[in-house]
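Below is one structure, written out as structure tokens; the observations come after it.
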Amino acid sequence: MGSECLYAELVSTMLTRPGVSWAPSADGKKNFGSNTLKTGGRIFAMHVDGRLVVKLPAHRVTELCEAGEGEPLNNGGKVMKEWLSLAPGSSSAWLALAEEALEFVRRAAA
């Protein structure tokens, strides 16, 4: 199954969680902040260049990177230490990471 289908399934599942919204790309462009899952107006997951990108604590991003599951998101030359860009062949489950990201963003906003 391709990443577009995986992400569509993830969006469908996450929208059943209280307080979760989805912001599709209105103009078809894939800019930061488009095609995102949000809670309380804050992004916790998105689909970028065929990869799931999730917001997690920096130490968790480092842990997953060291395990070969992905890399910190590079947004135009700026490395974002609290954003994991999951490797295409990662064994990590998208749903589990999205739920972890959702809880992280909720706790940070509280």
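The values are calculated or read from the model by the stated rules, or taken from the named source; none is laboratory data. Computed from a predicted structure; not experimentally measured. Don't worry about glycine lacking a Cβ; one is built from the backbone with ideal geometry, like all the others, and counts go over all protein chains shown. Please note that ligands, DNA and RNA were not included when accessible areas were found on the heavy atoms of the full protein model with its side chains. Shrake-Rupley method; radii C 1.70, N 1.55, O 1.52, S 1.80 Å.
Filter the strands (runs of 3 or more DSSP E) completely within segment 37-110 down to those with at least 1 residues that are in contact (Cβ under 8 Å) with a residue 40 or more places away in the chain.
Values: elements: 42-48, 51-55, 70-75, 78-86.
Passing ranges, in order: 42-48, 51-55, 70-75.
Being modelled with pLDDT of 90 or more, of a type outside the set (A, V, I, L, M, F, W, C) and surrounded by 13 or more Cβ atoms within 10 Å (Cβ to Cβ) is the filter; apply it to segment 22-41 and report the residue that is farthest from Leu95 (Cα to Cα). Give the steps one after another, and end with the answer.
First, pick out the residues of segment 22-41 that are modelled with pLDDT of 90 or more: 22, 36-41.
Keeping just the survivors that are of a type outside the set (A, V, I, L, M, F, W, C) gives 36, 38-41.
Retained after the next criterion (residues that are surrounded by 13 or more Cβ atoms within 10 Å (Cβ to Cβ)): 36, 38-40.
On the way: Thr36: 14, Lys38: 14, Thr39: 15, Gly40: 19 Å.
Top of the filtered list is Gly40.
For segment 82-96, which residues satisfy the criterion of being in contact with a helix residue (DSSP H, G or I) (Cβ under 9 Å, 6 or more places away or on another chain) and either modelled with pLDDT of 95 or more or open to solvent by 60 Å² or more (accessible area, probe 1.4 Å) (or both)?
Glu82, Trp83, Leu84, Pro88, Leu95
Residue pairs, Cβ under 6 Å, 6 or more apart or interchain, first in segment 2-22 and touching a residue at least 40 places away in the same chain (Cβ under 8 Å), second open to solvent by less than 40 Å² (accessible area, probe 1.4 Å) and not in a strand (DSSP E or B). List them.
Matching pairs, first to second residue: Ser3/Gly50; Leu10/Ala98; Met14/Ala98; Val20/Met14.
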